1. Report yes if some residue within the stretch 12-23 is modelled with pLDDT of 75 or more, outside any loop (DSSP other than H, G, I, E, B) and among the charged types (D, E, K, R); otherwise report no.
2. Checking F132 against (1) surrounded by 10 or more Cβ atoms within 10 Å (Cβ to Cβ); (2) at pLDDT 75 or above, which test does it fail?
3. Residues in the stretch 135-160 that are under 21 Å from V109 (Cα atoms), at pLDDT 75 or above and either among the hydroxyl-bearing types (S, T, Y) or under 60 Å from the mean Cα position of the chain (by Cα) (or both): how many?
Amino acid sequence: MKNNLSNIKKPGFKTPNNYFENFESNIFKQAKTSNNSGQTGFKVPTSYFDTLENQIMDQVKGHHKTKVIKHFNTRHIVYISSIAAAILLWFTFSFPETSAWDNLDSDTVENYLINEDIGSYEIASTLGSTDFSDYNLKINENSIEIYLLDHTDIEDLLIE
């Protein structure tokens, strides 16, 4: 791109003759006349400030009532609670209840009792006589005798 600024011979701005010689005196003359004028250019209506407070209070006092919008409408609460109940029912019926006690076998319980050093007296103290009434156990003397001979030593059965 060519630079055409070198071809310009005359500037585009002109000042009147003797403008800068009288410039300072002209500014001081205008400053003196504006100070003496006494008029500000603004006019306030008569008794404006006397009635201003009453006008403001009349506008503020409640000519316009605002509408109160509730965040939670009873209709919304019913919808939300019905959705929550449906989800709760779905979880209740879709997942069957399984108990960890159903999967225990007697060997696991017996090993736990042996390893934790829980004796027969401690077990008997937690169980009452009413706990066995539901089972209708019929034990004869022969089965007790066979159990004792298989699981105990003779020395344990002797009373001193």
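1. Scanning the stretch 12-23, I find no residue that is modelled with pLDDT of 75 or more, outside any loop (DSSP other than H, G, I, E, B) and among the charged types (D, E, K, R), so the answer is no.
2. Going through (1) surrounded by 10 or more Cβ atoms within 10 Å (Cβ to Cβ); (2) at pLDDT 75 or above one by one, F132 breaks only (2).
3. Counting residues in the stretch 135-160 that are under 21 Å from V109 (Cα atoms), at pLDDT 75 or above and either among the hydroxyl-bearing types (S, T, Y) or under 60 Å from the mean Cα position of the chain (by Cα) (or both) gives 2.
The values are calculated or read from the model by the stated rules, or taken from the named source; none is laboratory data. Just so it is clear, the model here is predicted, and its values are computed rather than measured. Backbone-built Cβ (ideal geometry, glycine too); neighbour counts: all protein chains shown.
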